[in-house]
1. From the residues in the range 139-182 that are open to solvent by 40 Å² or more (accessible area, probe 1.4 Å) and in a loop (DSSP other than H, G, I, E, B), which one is farthest from the ligand (Cβ to nearest atom)?
2. Kindly establish whether ARG123 is open to solvent by 80 Å² or more (accessible area, probe 1.4 Å), of a type outside the set (Ser, Thr, Tyr) and more than 11 Å from the ligand (Cβ to nearest atom).
3. Looking at the range 39-57, which of its residues are near the ligand (Cβ under 8 Å from one of its atoms), open to solvent by 30 Å² or more (accessible area, probe 1.4 Å) and farther than 28 Å from ALA201 by Cα?
4. Tell me which residues, restricted to the range 58-112, are within 10 Å of the ligand (Cβ to nearest atom), of a type in the set (Gly, Ala, Ser) and surrounded by fewer than 21 Cβ atoms within 10 Å (Cβ to Cβ).
5. I'm trying to understand the selection: among the residues of the range 183-226, which are small (Gly, Ala, Ser), away from the ligand (no atom under 15 Å from the Cβ), within 28 Å of PHE38 (Cα to Cα) and out of contact with any Phe, Trp or Tyr (no Cβ under 6 Å at 6 or more places or on another chain)?
6. Could you please tell me which pairs satisfy a Cβ distance under 7 Å, a separation of 6+ or placement on different chains, a first residue in the range 93-116 that is touching a residue at least 40 places away in the same chain (Cβ under 8 Å), and a second residue that is acidic (Asp, Glu) and assigned to a strand (DSSP E or B)?
7. Somewhere in the range 26-38, is a residue touching a helix residue (DSSP H, G or I) at 6+ places or on another chain (Cβ under 9 Å), within 12 Å of the ligand (Cβ to nearest atom), aromatic (Phe, Trp, Tyr) and more than 25 Å from ASP112 (Cβ to Cβ)?
8. Any chance the range 231-248 includes a residue that's open to solvent by less than 50 Å² (accessible area, probe 1.4 Å), of a type in the set (Val, Ile, Thr) and farther than 28 Å from LYS178 by Cβ?
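The values are calculated or read from the model by the stated rules, or taken from the named source; none is laboratory data. This structure is a prediction, so every number in the text was calculated from the model and none was measured. Backbone-built Cβ (ideal geometry, glycine too); neighbour counts: all protein chains shown. Please note that ligands, DNA and RNA were not included when accessible areas were found on the heavy atoms of the full protein model with its side chains. Shrake-Rupley method; radii C 1.70, N 1.55, O 1.52, S 1.80 Å.
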Amino acid sequence: MSRSIRSPYHEALVPQPSNDLFLRACRRGPTERTPVWFMRQAGRYQREYQALRKRFGILEICRTPELATQVTLLPVRQLGVDAAILFSDIVVPIAAMGIDVRIEEGRGPLVDEPLRTSSDVGRLRPLEPERDVPFVLEAVRMSVRELNVPLIGFAGAPFTLASYLVEGGPSRTFTRTKALMFEDPAAWRNLMQRLGAAVLAYARAQVEAGASAVQVFDSWVGALGPEDYREQVLPFVRPIFEGLAGLGVPLIHFGVGTSELLELMRDAGADVVGVDWRIPLDRARERLGPGVAVQGNLDPAVLLAPWDVLERRVRDVLLRAGDRPGHVFNLGHGVLPETAPGTLRRVTELVHEASARQRVEAP
Ligand code: CP3
């Protein structure tokens, strides 16, 4: 018998997707095949997206519900994936909190006046989603009406958002972010608390608008060792998942380079932990234990390999995921712009076919 942990509240208020494979896998329920979606499944590898970007800036697309919806739906139709992710960016709520931020092509988010002191942190206004980002909530409502698969809402996690705010842009070493953390613990706590509260409000509003799941992207938290993660990050992430738990939608927690942080990330409270390719999936499942599902973890660069190599690697991920329910197939990070759209479609079909067969052949 299947048991749903979805809240009746959510079910009654928003249209439900007909393909619920992804939601069942997130809840570690049995599925007839492994669900697939790809981080950055909407983006520059698509001709249609490139054409749209010639006419509109990325933040303009994010702030125009019709355009954001169009881009959200595109990969679902093209690839046959089992979930959609809202087209937006992690800096959209940051901009709505009073920070001047732009996205430079090929580089990422840039903040001209970074937050470096306690008084700088005060520039970050509290986020009220209905007032500050109504266009995001409208894009969620519009997308959900068109989709037959679940829509994943998302937010950046406090550390990853803080890294852009403090560094002023992308970084390899996160020197200034770590310096603030160690030199001015009160300012760090203040920053992380403000971001945590905003992430919680933002994710909750997306669920109330109809998102069927939430992914929190802590893309750059792998820059920290376990001790600093436990002391400087975990206390600010846990309340986010606690605050969202009552909504009854699956919660996903993703980071890159987090092999040594997996148990701590699990303890933050999500239902699904996303892992990159630096750890074999069987090893990740061993570390995480039976209480959470996993999402991942094909190296996105392998999508550029000849088909026989790619096929072998996709099958390897499925074998390592094993027969235990609770695996969502994905990449270990986002789709690279060099990827051929046809390859993503072929991988989706392969995962569907091979995982269905694996179920039948399991002892
Ligand atoms: O399909 C999807 O995954 C949804 C769209 C999405 C975008 N950004 C659109 C986007 C999502 C989920 C994000 C999240 C995001 N943004 C993260 C976390 C996920 C991750 O990849 O680690 C981070 C760290 C950011 C910050 C950011 N925004 C970066 C690093 C970049 C890339 C810079 C570049 O040009 O390579 C962006 C820009 C951005 N956000 C693009 C897209 C499709 C690039 C294309 C463009 O400029 O139009």
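1. Only one residue fits best here, namely ASN148.
2. In short, yes.
3. ARG44, ARG53 - these are the residues of the range 39-57 that are near the ligand (Cβ under 8 Å from one of its atoms), open to solvent by 30 Å² or more (accessible area, probe 1.4 Å) and farther than 28 Å from ALA201 by Cα.
4. Listed by number, the residues that qualify are GLY106, GLY108.
5. Those that are small (Gly, Ala, Ser), away from the ligand (no atom under 15 Å from the Cβ), within 28 Å of PHE38 (Cα to Cα) and out of contact with any Phe, Trp or Tyr (no Cβ under 6 Å at 6 or more places or on another chain): ALA197, ALA198, ALA201, ALA205, ALA209, GLY210, SER212, GLY225.
6. LEU110/GLU104
7. Narrowing the range 26-38 to residues touching a helix residue (DSSP H, G or I) at 6+ places or on another chain (Cβ under 9 Å): 29-38.
Then keep just the ones that are within 12 Å of the ligand (Cβ to nearest atom); that gives 37-38.
Retained after the next criterion (residues that are aromatic (Phe, Trp, Tyr)): 37-38.
Now restrict to residues that are more than 25 Å from ASP112 (Cβ to Cβ): 37-38.
Yes; the residues of the range 26-38 include at least one that is touching a helix residue (DSSP H, G or I) at 6+ places or on another chain (Cβ under 9 Å), within 12 Å of the ligand (Cβ to nearest atom), aromatic (Phe, Trp, Tyr) and more than 25 Å from ASP112 (Cβ to Cβ).
8. No, the range 231-248 has no match at all.
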